[in-house]
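Only one structure is covered here, and it is reproduced in the block below.
The values are calculated or read from the model by the stated rules, or taken from the named source; none is laboratory data. The model shown is predicted, which means the values in this text are computed figures rather than measured ones. Cβ placement follows ideal geometry from the backbone for every residue including glycine, while neighbour counts extend to all protein chains displayed. Please note that ligands, DNA and RNA were not included when accessible areas were found on the heavy atoms of the full protein model with its side chains. Shrake-Rupley method; radii C 1.70, N 1.55, O 1.52, S 1.80 Å.
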Amino acid sequence: MATHPDAPGRKFPGKFILGDPQLGSAVYDHAVRKERNETRRQRCRPSGAFPKRHNPAAMLRHLARCEPVRVLCLSIACPKPIARDSSTAWFPGRSQPNITMPRGRSMRPFVALFVGIIASAPLAASAAGPTRPLIEVDLNGQRVEGTALSWSRSSVFLLARDGRLWDFAPQTARDFRKLPTGFTSYSPGAVRAQLQAELGNRFEVTGVGHYLVAYPAGQRSQWAQRFEDLYRSFLIYFSVRGFQLQTPEFPLIAIVMPSHAEFLKYSAQEGKPLPAGVLGYYSPTTNRVALYDITDGERSSAAWHTNAETIIHEATHQTAFNTGIHSRFASQPRWAVEGLATVFEAPGVWNSRANPNLPDRINRTQLRGWQQYRSHRRDGALVELISADGRFNSSTLDAYAEAWALSFFLLEKQPRDYAAYLQRLAALPVFEERTSAERLADFTGVFGTNFRLLEARFLRFMDELR
Ligand SMILES: [Zn+2]
């Protein structure tokens with residue numbers, strides 16, 4: 001039995017469970033959510049819920065009516081309710097609808113100069129492709145070296161050499177120059193030194209494989225190995241299913257905070273205050289995982305199991321976003337991102353050698369959630385989940401259960417199609433919004449438009465799981 005620090009006095013068998021369906025929703029950008037909900041109310045409610053029949057044409061007509069409910073690229077949150085999950089991830093705060101070359105005459109000279117530098121032609125081509133220009137810039141007193149991924153008169157997205165994405169207005173850039181070499185990641189040693197300097201001597205940083213993990217000084221360093229183990233499991237799992245995975249461009253960073261309070265403080269410094277009950281998150285903006293030690297340093301505690309679950313979920317997000325399974329900079333449907341991470345939580349997935357059978361691959365927590373949700377599940381729920389992320393805010397636990405169930409079904413029954421679908425998503429244009437109709441088309445382009453048949457097969461598969 002254990003008591004969660006956010007719910008003193010509440011006891012839960014084995015693991016920390018809260019069960020607040022709204023948990024995590026505060027992570028979501030409030031203004032965006034409000035606007036989206038209001039738009040949905042105004043534009044979609046009069047026409048009722050999604051069409052009941054599995055009729056793609058009707059779905060598309062419905063979605064066309066609801067077109068103002070756009071999927072805001074890079075502004076989706078990824079709340080992970082502790083009841084079925086324990087973490088959260090998010091995306092950078094806003095989208096960039098116009099990725100065009102700015103016109104100098106309408107820009108102030110220094111903005112034009114800055115944009116001119118970042119838009120300059122690539123350096124010499126190599127076998128691996130053109131070298132990306134490297135610029136150095138002062139952003140609010142911090143020197144940043146990186147390469148611009150997109151730019152406009154109002155916004156620049158700069159990928160730094162430590163893997164962090166900077167989003168700023170060109171007017172705020174100071175003291176910038178183009179460097180003679182092309183863009184490359186900092187070495188693991190340089191990132192490690194940077195991380196140590198940032199966190200101070202209360203932390204140790206251990207490097208194992210692709211990972212750099214910072215944890216409270218003095219603790220046995222089992223953290224880094226756990227992250228790297230998950231990375232290797234992920235690699236094996238997808239390689240045997242025909243996925244071509246990329247080697248991460250940047251060292252993968254995870255930070256283990258010694259306490260819940262320091263974890264909250266750190267997340268606030270990153271610009272996203274967390275709701276209560278969140279144990280960890282992956283941020284595609286910083287490309288880091290942050291979590292805290294739920295056991296308070298007691299290695300023998302059974303609560304280490306919760307640490308391990310958090311690592312699995314967040315490292316799955318991080319690995320997927322760094323090996324090309326997902327794109328950090330394109331709009332990725334929440335159901336696909338969260339579905340994959342929840343699939344990985346099952347021992348038969350992240351440790352298939354020791355747990356080789358189908359029952360081992362079932363995420364028991366999500367299956368229980370699915371079975372509770374099944375009785376009030378509506379027709380057309382699949383289309384709704386695939387075409388928009390709204391259900392993750394309005395009925396979070398059910399959305400997680402269905403995202404897991406659909407991902408699990410597709411991985412078990414149509415792994416090649418599932419791989420093709422993820423590859424299609426990962427290749428979407430960066431920093432662009434994706435409408436609901438486009439999201440649905442991304443799915444039907446791989447799996448076909450016969451949702452009636454798909455749903456029948458899906459429900460039969462799920463109903464037989466024990
Ligand atoms: Zn997640």
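Label zone of GLN244 (point 7 Å out along Cα→Cβ, amide N under 16 Å): in the range 416-443 this covers 419-428.
Based on the convex hull around the alpha carbon atoms, the range 208-331 presents an average projected area of 8.2 nm².
Between amide H atoms placed 1.01 Å from N, distances below 5 Å from SER331 occur with PHE431, GLU432, all of them 5 or more places distant or on a separate chain. For the pair LEU459 and SER394, label points projected 7 Å from Cα toward Cβ lie 2.0 nm apart. Highest mean packing first, where packing is the average number of other Cβ atoms within 10 Å per residue, the peptides 369-382, 388-401 line up as 388-401, 369-382.
Ranked from largest to smallest solvent-accessible area, with a 1.4 Å probe on the protein heavy atoms, ASP463, ASP360 come out as ASP463, ASP360. Charged side chains reduced to their Cβ positions (Lys and Arg at +1, Asp and Glu at -1) give the range 329-466 a dipole of some 420 debye around its Cα centre.
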